[in-house]
Amino acid sequence: MSHITQAKRIVVKVGTSTLTYENGKPNLRRIEALCKVLSDLQNSGREVVLVTSGAIGVGMGKLGLRERPAETERKQAVAAVGQCELMFIYDKFFDEYNQNVAQVLLSSDVLNNQATRKNVENTFRELLEMGIIPVVNENDTVAVDELVGAKIGDNDTLSAVVAILTSADLLVILTDIDGLYDANPKANADARRIPYVAEITPEVRALAGGAGTSRGTGGMFTKVSAAAMANEKGIPCCVMSGATPANLYRLFDGEQIGTIFGTK
């Protein structure tokens, strides 16, 4: 577990279902708890990058929408509203713990272009050297990959890209399930959580399937795919429940929690 406990630069991804209630409104208690833990990790000498979903989910709650819009243009508009609200919330809570944050909105064309990719890497480097926590999301106003179902396109994959761009030591994906199981835990009471996955094989991918919630786009399949991307660059990945952000302390104290990919 030394590659976990000694990780200095950490990318933490949090999903929409973790950030919001079923009605789409932000779960302020959980967001505040997450900001407190990440601030404390930053204070301990680690470098934290937060990749956040939730712009459309929070936008839906802000606008009183019960269903996720079907039209791409409407999704973009709702995301624009939600992103503003989301950053306001993050800035408020992180500021309470004396942490400065920076909004970083990325799109797939930026990441695929060598020159602009270098600019993004430089920005991340400077922010981290200045002790600032980057808060990253996909720029839904100009990039519609996630909205129309093409990939980058989910923020699980984006978190792996950010981990690679920042040369992170660890990727942590917080979600609404506490790891990868050998069967569907929602349908099979005997399903067992798999604590370690040394290598992501076709058999491992076959265990992950299904879509996300009505407020998000990612399921376990996208998380396993993100873990595989990170593992290819030598970056381990932990998929764990985000219901109790303080469990991040347990992870960095060396306890087995969630599913850790890339222990080969």
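The values are calculated or read from the model by the stated rules, or taken from the named source; none is laboratory data. No experiment lies behind these values; they were computed from the predicted model shown. Heads up, the Cβs are rebuilt from the backbone with ideal geometry, glycines too, and the neighbour counts pull from every protein chain shown. Only protein heavy atoms, including side chains, enter the accessible area calculation; ligands, DNA and RNA are left aside. Shrake-Rupley method; radii C 1.70, N 1.55, O 1.52, S 1.80 Å.
Ranking of V81, V239 by solvent-accessible surface, largest first: V81, V239 (1.4 Å probe, protein heavy atoms only, all chains present).
Highest mean packing comes first when the peptides 244-254, 118-128 are listed by Cβ atoms within 10 Å, giving 244-254, 118-128. Each Cα pair under 8 Å and six or more residues apart adds its sequence gap; the mean of these over the residue count of the chain is a relative contact order of 24 percent. Take the chain with all the other protein chains still there, run a 1.4 Å probe, and you get 45 Å² of accessible area per residue.
Database remark: amide H of Q103 closer than 5 angstrom to the amide H of V135 (H placed geometrically; neighbours at sequence offset of 5 or more, or on other chains; Pro and chain starts carry no H). Remark: accessible surface ordering of F221, F88 (largest first) is F88, F221, probe radius 1.4 Å.
Protection proxy ranking of 93-103, 168-178, 41-51, by the mean of other Cβ atoms within 10 Å over each peptide's residues and highest first, is 168-178, 41-51, 93-103.
Using Cα-only point scatterers and the Debye equation, what is log10 of I(q)/I(0) for region 14-107 at each q in 0.10 Å⁻¹, rounded to two decimals? One equal scatterer on each Cα of region 14-107 leads to -0.27. In the chain, helices alone account for a calculated mean residue ellipticity at 222 nm of -13000 deg cm²/dmol, with every DSSP H run of four or more residues adding -39,500 (n - 2.57). Expressed as a whole percent, the accessible area of the chain that falls on carbon and sulfur atoms is 48 (1.4 Å probe).
Here the chain is treated as an ellipsoid with the same Cα gyration tensor; its semi-axes, largest first and in whole Å, are 25, 22, 19. Considering only DSSP states other than H, G, I, E and B, which trypsin sites (Lys or Arg not before Pro) in region 1-42 qualify as loop sites with at most 16 other Cβ atoms within 10 Å? The qualifying sites are K8. Listed by chain and number, the aspartates and glutamates whose alpha-carbon sits under 19 Å from that of K186, ignoring those within fewer than 8 places in the same chain, are E22, D176, D178.
In the complete set of protein chains, residue-level accessible area for T52 is approximately 0 Å², probe 1.4 angstrom.
Only Lys, Arg, Asp and Glu carry charge here, each on its Cβ (+1 for the first two, -1 for the last two); on that basis the chain has a dipole of about 220 debye about its Cα centre. Derived scalar couplings between HN and Hα for region 190-197 equal 8, 4, 10, 6, 9, x, 9, 10 Hz in order, rounded to whole Hz, by the Karplus curve 6.51 cos²θ - 1.76 cosθ + 1.60 (θ = phi - 60°), x for Gly and Pro.
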